[in-house]
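J.: I'd like to ask some things about the structure below.
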Amino acid sequence: MKIIGTGSALPKKVVTNDMLTEFFDTSDEWIRTRTGIETRRILTDESLFDLAKTASTLALESAGIKAEELDYIICSNVNNNYVYPSMSCIIQGAIGAHCPCFDIRIACAGFVYALDVAESFLQTGRAHKILVLAAEEPTRFCSWKQRETAVLFGDGAGAAVVTDGGKYFGARTTTISNTEVLYQRNRLEPTPFEVEGVYLDHPMVMQGREVFRNAVSNCSSEISALLKDTNHQVSDIKYFLLHQANMRIIKGIEQYLGGDPEQYPTTVQKYGNTSSASIAILLDELVRANKISRGDLLVMSGFGAGFTTGSLLMEY
Ligand code: COA
C-alpha cells in the first residue's frame, strides 16, 4: 500500500476550555492538566457529511485522481444522522464516485483497521485505488450533562487515497470484548412485543481510568510487538501517529517505547479526541506541513471502544 493523497476537514467553531465552564463545573486548568486539551472544534451549521466530503475531495485532489477512478471507499464512522445508508454510500454520491463502499464501526481504531482492510484488497488485486475515510462527531456521543466525558471530544474528518506499489511492513489488530467500561447504546423503536428494559436510550458511558490504563498498555505492547515482528527499532520510525485521545495517554506510550518526543506529533491540544478521524487528520496535517517525506517510516496506532487496538507500520 502506498498513500498518494490525504485530506482533512474540521468544523469552523473553536470551543475553548473556558467556554465549557458555561455548561459544567470545570476549569481550563483541570482539562489542560488531565488531558492536554486546550480547544476543540464542534459542528454548528455544517454537517459531518460536509466535513467528510471536503476531506475526501482534498485527498483526491492531492492524489491527482478523479472520484470515478476509485475502486472502493472504506469509511470509519460510529455515528451520524443516518443509521443507513452508511456514510461511505452517502459520500460516494457526494463526490461523484461509482465504486462499491462500506463502513467500519469499531470506534477510535477504525482508520487503522480500514487501512489494513484496504491493504488486503490491494494485495489480492481486488482494487487498485481506494479512498479510506474517517469521519466522526463524538461531541454527539456524550451527554452534555456529564463533564467527565463532554470536555474530551471534538468533531472532524480525515481521508487518504491509497494505491498498490508501496511498502507495508505489517499490522497487528486485536479485539478484547468489553461492554462495561466504554459503550453507548442505540435508540431503537419500541415494538408491541418489547421486553421492559431492553431498549434503553443512553449517552456514552465511560470509566475513564480503566480506558486510560487499557489504552496505554494495549497500544504500547502492540506497537512493541509490531516493531519486533517487522524487525524495526523505534529509531527507524519517523513518526508514531497515535490516536489523539489524551496527551497523558500519548506520553505514557512514548515513555514505554522511548525515542525522541518529536517522533510523537500531536493535535489533541487543538482538536480534542476526534475518535477514528484523529490519526487521519494528524497524517494530513504533517503531509501538508511537509513534515513527512517519501521513504519515511510511519507507525499508526489507534485504540478504542470494543476494546479494539490497531497498529500498522508502512513507508510513506
Ligand atoms: N472538570 C473538573 N473535574 C472533573 C471533570 C471535569 N471535566 N471530570 C471529572 N472531574 C473530577 C472527578 O469528578 C473526580 O473528582 P473526585 O476526585 O472528587 O471524585 C476528579 O476530577 C478526578 O477524576 P478521575 O476520573 O480520577 O480523573 P483522571 O485523572 O482519570 O482523568 C480522564 C479523567 C477522563 C481525563 C482520563 O481518565 C482519561 O482521559 N481517560 C481516557 C478517556 C478516553 O480517552 N476515552 C476515549 C478512548 S478512545
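Computed from the coordinates by the stated procedures, all read-outs in this text should not be read as laboratory data. Please read all numbers here as calculations on a predicted model, not as lab measurements. Glycine gets a Cβ as well: all are built from the backbone with ideal geometry, and neighbour counts include every protein chain shown.
J.: What's the whole-number percent of alpha carbon pairs in the stretch 125-230 lying beyond 20 angstrom?
T.: Percent of Cα pairs beyond 20 Å in the stretch 125-230: 65.
J.: Oh, and also: Need one number: convex hull volume per residue for the stretch 1-143, Cα atoms only, in Å³.
T.: Convex hull of Cα atoms, per residue: 124 Å³.
J.: In whole percent, what relative contact order does the stretch 66-210 give with Cα contacts below 8 Å and a gap of six or more residues?
T.: About 22 percent, as a whole number.
J.: Beta carbons within 10 angstrom, averaged per residue: use that to sort the peptides 149-157, 45-53, highest first.
T.: Descending packing order for the listed peptides: 149-157, 45-53.
J.: How many percent of all Cα-Cα pairs in the chain sit more than 23 Å apart?
T.: Values: 26973 of 49770 pairs.
Value for the chain (Cα pairs over 23 Å): 54 percent.
J.: Under a plain spin-label model, where a point goes 7 Å from the Cα along Cα-to-Cβ, how far apart in nm are V195 and V14?
T.: 5.2 nm
J.: Kindly provide the helix-only [θ] at 222 nm of the chain, computed as the sum of -39,500 (n - 2.57) over DSSP H runs of four or more divided by all residues, to the nearest 500 deg cm²/dmol?
T.: -10000 deg cm²/dmol
J.: How far apart, in nm, are the 7 Å Cα→Cβ label points at Y256 and L188?
T.: 3.5 nm
J.: Over the chain, calculate the relative contact order: mean separation of alpha carbon pairs under 8 Å at least 6 apart, over the residue count, as a percent.
T.: Relative contact order, the chain: 26 percent.
J.: Kindly work out what percent of the DSSP beta bridges joining two residues of the chain are antiparallel, to the nearest 5.
T.: 70 percent
J.: To the nearest Å, what is the center-to-center distance of the stretch 213-284 and the stretch 93-130, using C-alpha atoms only?
T.: 22 Å
J.: Still on this structure, please answer the following. May I ask you to derive the FRET efficiency for H202 and T175 from their Cβ-Cβ distance with R0 = 25 Å, giving the value to the nearest 0.05?
T.: The computed FRET efficiency comes out at 0.70.
J.: In the stretch 248-316, what is the volume of the convex hull around the alpha carbon atoms, normalised per residue and reported in Å³? It would help to have the intermediate numbers written out before the result.
T.: Numbers: hull volume 6.9 nm³, N = 69.
Dividing the Cα hull volume of the stretch 248-316 by its residues yields 101 Å³.
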